[in-house]
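All remarks here apply to the structure that follows.
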Amino acid sequence: MDVSGKVFFITGGAQGLGKAYAEALLAKGAKVFLGDVDPKAGAETLEDFQKRFGEQNVKFTAFDVTDLAKFEAAFQGAVSGFGRVDVMVNNAGIMNEGVW
Ligand SMILES: NC(=O)c1ccc[n+]([C@@H]2O[C@H](COP(=O)([O-])OP(=O)(O)OC[C@H]3O[C@@H](n4cnc5c(N)ncnc54)[C@H](O)[C@@H]3O)[C@@H](O)[C@H]2O)c1
Ligand SMILES: CCCCC[C@H](O)/C=C/C=C\C=C\C=C\[C@@H](O)[C@@H](O)CCCC(=O)O
């Protein structure tokens, strides 16, 4: 699949699977908006990716996906900044393997 130039909005993108999806997509020429509730991890990931893939190709905003107003503001920011969102990756979530 050719993702070059496509815009991806990835929640929970500061670390783990969301970060890995973002890295793979950026390496293939996509543009990525990262959202995450963790501002420190998000800022670190943003700095790393902007250095490697270009400042204009990746953006980050800290927000909790359960806060609808913040979620909508971030999404509109991504649409305004990149011109559109092509693919939504609803990755943020909680997995409690320890209690299974
Ligand atoms: N890792 C696995 O083996 C596995 C398997 C099945 C499903 N999943 C699912 O995949 C997703 C990612 O898993 P992971 O292993 O990368 O987890 P992870 O904990 O490594 O990363 C999750 C990221 O989401 C962020 N996040 C958590 N709650 C948030 C919220 N309310 N709003 C915004 N950001 C939030 C965290 O800050 C973190 O950066 C989760 O939904 C998880 O349940 C993972
Ligand atoms: C060739 C043009 C390249 C332009 C690149 C441009 O810089 C890309 C920007 C991409 C996304 C920007 C998103 C910004 C989002 C924030 O404004 C938003 O999330 C803030 C929400 C604030 C709030 O109310 O919580």
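Got a number for residues in the stretch 34-65 being assigned to a helix (DSSP H, G or I) and among the aromatic types (F, W, Y)? Even if it seems obvious, please write down each step before you answer.
First pass over the stretch 34-65, keeping only residues assigned to a helix (DSSP H, G or I): 39-53, 55-57.
Within this subset, residues satisfying the condition of being among the aromatic types (F, W, Y) are 49, 53.
Total satisfying the criteria: 2.
Going by what's in this entry, would A92 be described as more than 24 Å from D2 (Cα to Cα) and in a loop (DSSP other than H, G, I, E, B)?
So A92 fits the description; yes.
Might you check whether a residue that is open to solvent by 60 Å² or more (accessible area, probe 1.4 Å), in contact with a Lys or Arg (Cβ under 8 Å, 6 or more places away or on another chain), in contact (Cβ under 8 Å) with a residue 24 or more places away in the chain and in a helix (DSSP H, G or I) occurs anywhere in the stretch 66-82?
Yes, that holds for at least one residue.
Being open to solvent by 50 Å² or more (accessible area, probe 1.4 Å) and more than 9 Å from ligand 2 (Cβ to nearest atom) is the filter here; which residues of the stretch 49-65 pass it?
Within the stretch 49-65, K51, R52, D64, V65 qualify.
If A43 meets every condition in (1) open to solvent by less than 60 Å² (accessible area, probe 1.4 Å); (2) without any contact (Cβ under 8 Å) to a residue 12 or more places away in the chain; (3) of a type outside the set (F, W, Y); (4) farther than 18 Å from V7 by Cβ apart from one, which number is that one?
(2)
Would you point out the residue of the stretch 68-99, among those that are modelled with pLDDT of 95 or more and among the acidic types (D, E), that is nearest to ligand 2 (Cβ to nearest atom)?
E72
Output yes when any residue across the stretch 3-13 is basic (K, R) and either outside any loop (DSSP other than H, G, I, E, B) or closer than 18 Å to G81 by Cβ (or both), and no when none is.
Yes - at least one qualifying residue is present in the stretch 3-13.
Answer yes or no: is there a residue in the stretch 17-30 that is open to solvent by less than 60 Å² (accessible area, probe 1.4 Å) and within 11 Å of ligand 2 (Cβ to nearest atom).
no
Could you list, in sequence order, the residues of the stretch 31-48 that are more than 13 Å from ligand 2 (Cβ to nearest atom), over 11 Å from the mean Cα position of the chain (by Cα) and within 21 Å of I94 (Cβ to Cβ)? Quick ask: steps written out before the conclusion?
Restricting attention to the stretch 31-48, the residues satisfying the condition of being more than 13 Å from ligand 2 (Cβ to nearest atom) are 38, 40-41, 43-45, 47-48.
With the extra rule that they be over 11 Å from the mean Cα position of the chain (by Cα), the set shrinks to 38, 40-41, 43-44, 47-48.
D38, K40, A41 - these are the residues of the stretch 31-48 that are more than 13 Å from ligand 2 (Cβ to nearest atom), over 11 Å from the mean Cα position of the chain (by Cα) and within 21 Å of I94 (Cβ to Cβ).
The values are calculated or read from the model by the stated rules, or taken from the named source; none is laboratory data. Because the structure is predicted, anything quoted here is derived from the model rather than measured. All Cβ positions, glycine included, derive from the backbone under ideal geometry; neighbour counts span all protein chains shown. Surface accessibility is based on the protein's heavy atoms, side chains included, excluding ligands, DNA and RNA. Shrake-Rupley method; radii C 1.70, N 1.55, O 1.52, S 1.80 Å.
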